[in-house]
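Note sheet for the following structure.
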Amino acid sequence: MSLSSKLDIFALAQQNDPDLESRYQTLLTTPGVDATLLSRFRNHVQNTARVSINMHLYVLNDFLFSKKYKNIHDWANQIAIRGRRTPERLMEEKLREWYLPRKNFESIFVDGEKFYYGLLNIGGEGTRKYGDYCVVVQEKYWEKILSIYLSEDSLVGYMDAKSTLIFDKFKQELASMEQRHTLAALKHHEEIAKIDQKDWPELVCKETKYIEVIFVGSLTPEQIEEVRIEKNLLESLLNSAFDDINANTMGDKSRRMEVALFTTVVEQLDIHNIPWGKTL
């Protein structure tokens, strides 16, 4: 696809915002819908929403030391300089079955190779399939950069079996930052009546279902609000790092390496004044 024919994903989101608001207002007057509860949910998302990025420990460590978060293209270009494989080959090996869908998705849009991905988060540890460390971005960061929100994972929800974009569905389920709370309300209006408010964070962001965020812009440690991690994992790592390491741990090389890397990350978080967030 030529540059002139590529789509502007951020303009598409802006164009869809009025329709999202209209659909929400219609939903409020739909029989059987608890308008008060739905309004409360939307307001709650608006007031508590953050964008988070789940990272593996080694990715978080690289981010803190290099002071720049890398997408798959940044990573592949950096590695390719030091080796014999091309960036494309490296991305293919890294993404495996998701390589072609991701390549095709990003090729449709202007600056697709500059896309970074995160999740809408209203509490909790994000989606741990991408890593145990939930990096929460400061809300003020989004005032300066371009971002859009998708009701589903961009590849799972909007690419068909031939790795082609399902455009009609896609264009109806994306929002700008200004209507991300409305997108969440439309997505979850049937579910919120069945659960307690304390469970809303998990509803919005769970292992396989979440609202995906796509953004373009440089992300540095100075823009991080906190790092969240599951309570038991954090306590286990802290105990191993700062207490006497027991014999079983000493005998586990991979565990020793993890603890050593974790200790380095803790030091870097302190240097950057990034706190541990509330854990469950």
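The values are calculated or read from the model by the stated rules, or taken from the named source; none is laboratory data. Model, not experiment: these values are computed from the prediction. No Cβ is skipped: glycine too gets one built from the backbone with ideal geometry, and neighbour counts run over all protein chains shown. Only protein heavy atoms, including side chains, enter the accessible area calculation; ligands, DNA and RNA are left aside. Shrake-Rupley method; radii C 1.70, N 1.55, O 1.52, S 1.80 Å.
Is there a residue being of a type in the set (Ser, Thr, Tyr) and touching a strand residue (DSSP E or B) at 6+ places or on another chain (Cβ under 8 Å) anywhere in the range 191-209?
Checked against the condition, which is being of a type in the set (Ser, Thr, Tyr) and touching a strand residue (DSSP E or B) at 6+ places or on another chain (Cβ under 8 Å), the range 191-209 yields no hits at all.
Here's the yes/no breakdown for (1) of a type outside the set (Lys, Arg); (2) surrounded by 13 or more Cβ atoms within 10 Å (Cβ to Cβ); (3) under 21 Å from the mean Cα position of the chain (by Cα):
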{"position": "THR26", "(1), (2), (3)": "yes, no, no"}
{"position": "VAL33", "(1), (2), (3)": "yes, yes, no"}
{"position": "SER39", "(1), (2), (3)": "yes, yes, no"}
{"position": "ASN47", "(1), (2), (3)": "yes, no, yes"}
{"position": "ASP62", "(1), (2), (3)": "yes, yes, yes"}
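Name the one entry in TYR58, TYR99 that is aromatic (Phe, Trp, Tyr) and in contact (Cβ under 8 Å) with a residue 60 or more places away in the chain. Explain how you work it out, then say what you get.
Numbers: TYR99 fails: in contact (Cβ under 8 Å) with a residue 60 or more places away in the chain.
Step by step, each of TYR58, TYR99 is checked, and only TYR58 is aromatic (Phe, Trp, Tyr) and in contact (Cβ under 8 Å) with a residue 60 or more places away in the chain.
Just to be sure, is GLU88 in contact with a Phe, Trp or Tyr (Cβ under 7 Å, 6 or more places away or on another chain) and without any contact (Cβ under 8 Å) to a residue 60 or more places away in the chain?
On the way: in contact with a Phe, Trp or Tyr (Cβ under 7 Å, 6 or more places away or on another chain): no; without any contact (Cβ under 8 Å) to a residue 60 or more places away in the chain: yes.
Considered against the rule, which asks whether it is in contact with a Phe, Trp or Tyr (Cβ under 7 Å, 6 or more places away or on another chain) and without any contact (Cβ under 8 Å) to a residue 60 or more places away in the chain, GLU88 comes out as no.
When the residues of the range 155-181 are narrowed to those that are within 13 Å of LEU100 (Cα to Cα) and within 20 Å of the chain's Cα centre (by Cα), which ends up most open to solvent (accessible area, probe 1.4 Å)? Even if it seems obvious, please write down each step before you answer.
Residues of the range 155-181 within 13 Å of LEU100 (Cα to Cα): 155-156, 159-165.
Among the residues that remain, those that are also within 20 Å of the chain's Cα centre (by Cα) are: 155-156, 159.
On the way: LEU155: 14, VAL156: 96, MET159: 18 Å².
This residue is VAL156.
Kindly establish whether TRP75 is of a type in the set (Phe, Trp, Tyr), in a helix (DSSP H, G or I) and either surrounded by fewer than 19 Cβ atoms within 10 Å (Cβ to Cβ) or in contact with an Asp or Glu (Cβ under 6 Å, 6 or more places away or on another chain) (or both).
Yes, satisfied.
Pull up the range 121-139, narrow it to residues that are crowded, with 24+ Cβ neighbours inside 10 Å and assigned to a strand (DSSP E or B), then point me to the one that is farthest from the chain's Cα centre (by Cα).
Per the stated criteria, the residue is TYR133.
Just the residues that are out of contact with any Gly (no Cβ under 6 Å at 6 or more places or on another chain) and buried (at least 20 other Cβ atoms within 10 Å of the Cβ), please, taken from the range 206-219. Can you show your working first?
As a first pass, look at the range 206-219 and keep what is out of contact with any Gly (no Cβ under 6 Å at 6 or more places or on another chain): 206-212, 214-219.
Within the range 206-219, TYR210, ILE211, GLU212, ILE214, PHE215, LEU219 meet the criteria.
Give me a count of the residues in the range 227-251 that are among the hydrophobic types (A, V, I, L, M, F, W, C), in a helix (DSSP H, G or I) and either modelled with pLDDT under 55 or within 13 Å of VAL265 (Cα to Cα) (or both).
6
For residues that are in contact with a helix residue (DSSP H, G or I) (Cβ under 7 Å, 6 or more places away or on another chain) and surrounded by 19 or more Cβ atoms within 10 Å (Cβ to Cβ), scanning just the range 92-120, find the one that is farthest from ILE148 (Cα to Cα).
PRO101
With respect to the numbered conditions (1) open to solvent by 40 Å² or more (accessible area, probe 1.4 Å); (2) touching a Leu at 6+ places or on another chain (Cβ under 8 Å), which one is the sole condition not fulfilled by ALA184?
(1)
Quick check, is ARG89 assigned to a helix (DSSP H, G or I) and basic (Lys, Arg)?
On the way: assigned to a helix (DSSP H, G or I): yes; basic (Lys, Arg): yes.
In short, yes.
Quick check on this structure: which one of SER236, SER176 is in contact with a helix residue (DSSP H, G or I) (Cβ under 8 Å, 6 or more places away or on another chain) and among the small types (Gly, Ala, Ser)?
Working: SER236 fails: in contact with a helix residue (DSSP H, G or I) (Cβ under 8 Å, 6 or more places away or on another chain).
Being in contact with a helix residue (DSSP H, G or I) (Cβ under 8 Å, 6 or more places away or on another chain) and among the small types (Gly, Ala, Ser) holds for just one of SER236, SER176, which is SER176.
Return the only residue of GLY123, GLY131, GLY83, GLY118 being touching a residue at least 60 places away in the same chain (Cβ under 8 Å) and over 28 Å from LYS171 (Cα atoms).
Within the list GLY123, GLY131, GLY83, GLY118, the selection yields GLY131.
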